[in-house]
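Any read-out appearing in this document is the output of simple, stated calculations on the displayed coordinates, not a laboratory observation. Keep in mind that what you see is a predicted model, and the values were worked out from it rather than measured. Cβ placement follows ideal geometry from the backbone for every residue including glycine, while neighbour counts extend to all protein chains displayed.
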Amino acid sequence: MPALLLALGATGCEYSFDPIAAEATSFYPPSEYAQIWQDMVICTGFDFTRVSYQDVKWYRTSDECVYNPDHRTNDGCAAGLAWVEDNIIVLPDRSINDVMVVRHEIIHLLSGQRHHLGNYWDCVYWEAP
Ligand SMILES: [Zn+2]
C-alpha cells in the first residue's frame, strides 16, 4: 500500500481541525462522492452509520499535503485526513479525484477509527460486484 494512503485520521481529542491554520476551505463534494460513500457502506458493513453522508464536512487545500501530526512518514505529508469525531475530511486538491484516498478517509468516518486495523481497510481496493 502506498505510504500516502496510510495517513492517520486524527481525532478531535488531541487535535482540533483549524481550517485557517490548514489553509483549507470548505467545498461542496463532487456528486460521485455519494456513490463512493454508499460503496464503502456496502463493502465495510458499517451500515449502522455512526455518521451519515450529509453530516460530512469537506475541506480542500491547494497545498500538496494535509499536515498530520501523527503521520510517521513523509514528514507528516498526508494525501488526505479525517477528523473522526468532527466528521471532517480534508483533501489536497491533488486528491479530490483520487477515489482510493476518498474511500480511505470515508472509511475513517464510517468506522469511527483513526487506526488502520481491520479487514475493512481492504475496501479501499474494492471493486463493485
Ligand atoms: Zn488513514
Using a Förster distance of 30 Å, how high is the FRET efficiency between ASP122 and SER16, based on the Cβ-Cβ distance and rounded to 0.05?
-> 0.50
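Counting other Cβ atoms within 10 Å of each Cβ, which trypsin sites (Lys or Arg not before Pro) in region 54-127 have at most 10 and sit in a DSSP loop? Walk me through the intermediate numbers first.
Numbers: sites: LYS57, ARG60, ARG72, ARG94, ARG103, ARG114; in loops: ARG72, ARG114.
Here the trypsin sites (Lys or Arg not before Pro) that fit, given the DSSP loop and packing criteria, are ARG72.
Net charge within 10 Å of SER62 by Cβ-Cβ distance, Lys/Arg positive one each and Asp/Glu negative one each, not counting SER62 itself?
Working: positive: ARG60, ARG94; negative: GLU23, ASP63, GLU64, ASP93.
Net charge in that neighbourhood comes out at -2.
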